[in-house]
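Q: This is the structure I want to talk about, given as structure tokens.
Read the figures in this text as sums done on the coordinates, not as results from a lab. Everything numeric in this text was worked out from a predicted model, so none of it was measured.
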Amino acid sequence: MKKTFLFIILLSLLTLLEANFLIDVYHKDYGVIDRIVLVLATKPQYSILKHEGDIQINFSNCRKDATIQNMKVPNSEVLQGFYYLIAKDKVMVIITINQARQLITGERYQLETMELKGEVFKLVLDIFTTKNPKTVEELKSFANFYEMTDKKDLAAEYKSIAEKLEAEQVILVQEDSSLKTKITTEKLIQVFKPPTFFETLKSIMSKKMLIILSLGIILIIVMIFLLISVLKKKESEPEFEEKSLRSTVGFGKEKFQKKIVMKLAENGWNSEEIAKEMELLLEDVHRMRGSDFEEDLERI
């Protein structure tokens with residue numbers, strides 16, 4: 001029993017002696033590029049899994065130094081933080097990616113890895129948010145990265161492109177500023193430019209035409225109103241027949257009227273003619289004449 005127990009202890013010690021150690025983790029921010037270095041005692045057995053929002057590195061038969069703790073990375077265009085999971089003799093390092101830029105540009109991050117062997121083993125991860133820098137800031141970020149990683153030719157190339165683009169942008173800004181100044185000056189000149197004789201005459205004529213047109217419209221409205229009033233008044237006046245304007249009382253006294261009636265009748269006048277001539281009612285003429293048999297015969 002004691003032999004078995006000792007054997008287990010010895011096996012555990014050997015395992016511990018053979019286990020690798022994650023000594024340190026550090027990174028350098030270059031703007032749109034971030035270099036991460038994982039330092040181990042010896043070269044480990046590891047695998048790297050790339051996901052949309054993170055990179056997972058699994059170390060087998062490995063332990064982590066207690067000083068290495070979870071860490072957030074603020075104000076980085078590339079990273080969000082580092083997180084660690086320990087399971088027996090395994091260490092999992094999770095590097096979370098800042099996806100805000102990916103959502104804007106539509107580009108997925110690119111990962112390049114490299115191993116450096118020496119007194120300690122270094123696993124280097126270079127994370128690029130873009131492989132095609134376009135702005136001055138992105139180009140300078142690439143130039144600075146390659147300068148610090150001892151790739152002078154690439155650094156000089158990106159630096160030159162950045163300087164040319166920056167110079168072009170300065171020219172464009174100056175031209176835009178000059179154009180805005182020119183437009184503003186032209187507008188001020190137009191504002192303070194005195195009108196010519198023809199422009200003044202045109203303005204006066206326009207005002208006169210406007211006044212005449214307004215007066216004409218008012219006059220037409222007044223004439224229409226008066227015409228409507230006259231027509232309404234004419235419609236409201238009663239229509240008198242011509243015969244209603246003639247007197248039906250005749251002239252002189254009845255005795256005199258009867259004498260004239262009889263005289264006219266003797267001369268062949270009928271009752272209607274006598275009534276019109278003497279301005280009497282036909283009934284009065286009949287009454288004055290009495291039974292006018294001859295007239296009745298004439299009518300028959």
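Q: Classify the range 108-179 from the C-alpha gyration tensor, please: rounded if a/c falls under 1.5, else prolate or oblate depending on whether a/b exceeds b/c.
A: Working: a/c = 4.94, a/b = 2.64, b/c = 1.87.
Taking the square roots of the gyration eigenvalues as a ≥ b ≥ c, the range 108-179 is prolate.
Q: Relative contact order for the range 43-114: what percent, with Cα pairs under 8 Å and sequence separation of 6 or more? The partial results should precede the final answer.
A: Details: 114 pairs, mean separation 20.4, N = 72.
28 percent.
Q: What lysines does residue 180 reach when the alpha-carbon gap must be under 24 Å and sequence neighbours fewer than 8 apart in one chain are set aside?
A: 193
Q: Rounded, prolate or oblate: pick one for the range 50-89, where a ≥ b ≥ c are the square roots of the eigenvalues of its C-alpha gyration tensor, a/c under 1.5 means rounded, and failing that, prolate if a/b is larger than b/c, else oblate.
A: It is oblate, given that a/c is not under 1.5 and a/b is not larger than b/c.
Q: May I pose another question? Any chance you could tell me what percent of the C-alpha pair distances in the range 96-145 go past 12 Å?
A: 71
Q: Which length gain, in nm to one decimal place, applies between residue 174 and residue 207 when the Cα-Cα distance is subtracted from 0.36 nm times their residue separation? Numbers along the way, then the final one.
A: Numbers: separation 33, 0.36 × 33 = 11.88 nm, distance 4.50 nm.
Full extension of this stretch gives 7.4 nm more.
Q: Work out, step by step, the length gained on full extension between residue 256 and residue 220: first 0.36 nm times the residue separation, then minus their alpha carbon distance; give nm to one decimal.
A: Extending this stretch completely gives an extra 6.8 nm.
Q: Within the set 72/134; 50/88; 64/90; 50/151, which residue pairs have Cα atoms separated by over 18 Å?
A: On the way: 72/134 28 Å; 50/88 23 Å; 64/90 9 Å; 50/151 26 Å.
Those over the limit are 72/134; 50/88; 50/151.
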